[in-house]
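The values are calculated or read from the model by the stated rules, or taken from the named source; none is laboratory data. Please read all numbers here as calculations on a predicted model, not as lab measurements. Neighbour counts run over all protein chains shown; Cβ positions are idealised from the backbone, glycine included. Ligands, DNA and RNA are stripped out before the accessible areas are found, and what is left, the full protein with its side chains, is counted by its heavy atoms. Shrake-Rupley method; radii C 1.70, N 1.55, O 1.52, S 1.80 Å.
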Amino acid sequence: MHARVSNGVSPNKYYDTDIKYTFELCQWILKPLGIYPFVYSNVSKLERGVSVLLLITCCSIIQFVIVPFGHYVLFYEKDINARIKFLGPLTFCSTALVKYLYLCLKAPAFKRCIEHVERDWKKLQDQVYRDVMINYISMGRNLITVCAMFFYTGGLSYHTVMPLLSKVKTENVTIRPLTYPGYEAFFDVQRSPTYEIVYFMHCIYVMVAGNITMVAYSLATIFTSHACGQMKIQILRLENLTDERVTEKRGEDRLTIIVKDHVEILRFTKLVESAFREICLIEVIVSTLLICLVEYYCLMEWETSDSVAILTYAMLLISFIFNILMFCYLGELLLEQGNRVATASYETLWYNLPAKKARDMVLLLAISKTPPKLTAGKIFDLSLYTFGIVLKSSMVYLNVLQTMIEL
């Protein structure tokens, strides 16, 4: 599946194992969506054919929810409170489709990032540096696992628990609600097995929508973890720059290796930032809106003392908050590690180097001055400060929404 170096021998004898460990979770999420063949080169014709079928299937499942639900909210629902209650799910559905199309269009950019990661693993020879990379990739895998647990738990509880526990009896007839109404205009959704089929499709939909969000997050996490691991190696090299007992296995001058690899790191982080800037902007904007709306839903259900709905919305709120927190944390992690490289270059015992090499340190200091970062549409940097702004903005919009409803 992965190409070898030109001479047929990989300097890293653990290359295949390391690459599998790095992208294993990403592949689990990519394959069900049919995006996998677009971001990997060595894919069979059968896999490409299956991916096309999966793309059509996933788009059809999303449309199965958006079309009747959007039609119902826009043209049939007249109550303002009900429209606001459906605004959050409709926003989530529409955003899922936009992000899915975006991921397909940006597949070549993701492919270039993956190829860069593979090249870095191929030339990794020192076991100490390999251990550093493994530690950072393990951290990335743990972040992906925790985020998936929060996101899928919140989404599945909203799509499964609430409809089952929200049955209403009117005139001796039990009405079974759905997460996304609007099918009544096309067929009798209350009849069996029609209701069960639609309910099952909604459960499949939330898995598809969850995978779409998790694809962007998992790839961003692995790329960021890889960049941070590479920068940690740079820090170790800088700390040992004046230690004559330490030698590089490449047979090159150590300062030359440090500068060349740092340029490669900056090139890689620019690729990552370019690939994710639009989807990060979407995540920030949509998360701010959804957090505001879910907070409002919690207040509405609190007034009616519906404990099941309160608990479900609370889980959903936590999942949305945790989702945007993780994106901002990745940006903070990348920025912090870049600053550490700059600090390490400043603190290097350059005065113990020969005069010519000491002057060459100026180049490294110059390129370390601006640390790599993730941005949301090049408008603002992703960091924990941005996460605070998102939470504050959601509370401001919540106050505005409550004021508008009261008027």
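Here are some notes:
- For segment 268-395, a Kirkwood hydrodynamic radius built from all Cα pairs, placed in the Stokes-Einstein relation at 25 °C and 0.890 mPa s, yields a translational diffusion coefficient of 143 µm²/s.
- Set of segment 256-278 residues, backbone N closer than 18 Å to the point 7 Å along the Cα-Cβ line of ILE367: 256-273
- Apportionment of accessible area to carbon and sulfur, segment 50-139, percent (1.4 Å): 68
- With 10 Å bins from 0: P(r) over segment 1-157, alpha-carbon pairs, percent: 9, 28, 30, 19, 10, 4, 1
- Relative packing of peptides 28-36, 303-311 - highest average C-beta neighbours within 10 Å first: 28-36, 303-311
- Alpha carbon Rg of the chain, scaled by the compact-globule rule 2.2 N^0.38 Å: 1.16
- Overall Cα dimensions of segment 26-69, principal axis frame, Å, largest first: 40, 20, 12
- Length-normalised contact order of the chain in % [C-alpha pairs under 8 Å, at least 6 apart]: 20
- Highest to lowest packing among 46-57, 123-134, scored as the average C-beta count within 10 Å: 123-134, 46-57
- Two-decimal Rg/Rh across segment 211-321, once Rg and the Kirkwood Rh are taken from alpha-carbon atoms: 1.28
- The length gained on full extension between MET404 and GLN63, counted as 0.36 nm times the residue separation minus their Cα-Cα distance, comes to 119.6 nm.
- Start at zero, step by 10 Å, and the Cα-Cα distances of segment 327-407 spread as 16, 28, 21, 16, 9, 5, 3, 1 percent across the bins.
- Measuring spread by the Cα atoms of segment 298-341 yields a radius of gyration and Dmax of 17.0, 54 Å.
- Per residue, the chain exposes an accessible area of 49 Å² to a 1.4 Å probe, with every protein chain left in place.
- For segment 64-131, the normalised intensity computed at q = 0.17 Å⁻¹ comes to -0.72 (log10 of I(q)/I(0), Debye sum over alpha carbons, equal scatterers, no solvent).
- Pairwise FRET efficiency - LEU384 versus ARG83, Cβ, R0 = 22 Å, nearest 0.05: 0.05
- Note: segment 313-365, Cα convex hull, 57 Å³ per residue.
- Counting only lysines at least 8 places from LYS122 when in the same chain, those with an alpha carbon closer than 22 Å to its own are LYS13, LYS20, LYS111, LYS232, LYS249, LYS260, LYS270.
- Peptide packing for 91-99, 190-198, 11-19 was compared via the average number of neighbouring C-beta atoms within 10 Å per residue; ordered from the highest value, the list is 91-99, 11-19, 190-198.
- Cα-based convex hull volume of segment 187-231 per residue, rounded to whole Å³: 44
- For segment 343-382, the Kirkwood estimate of hydrodynamic radius, built from reciprocal distances between every pair of different alpha carbons, is 12.0 Å.
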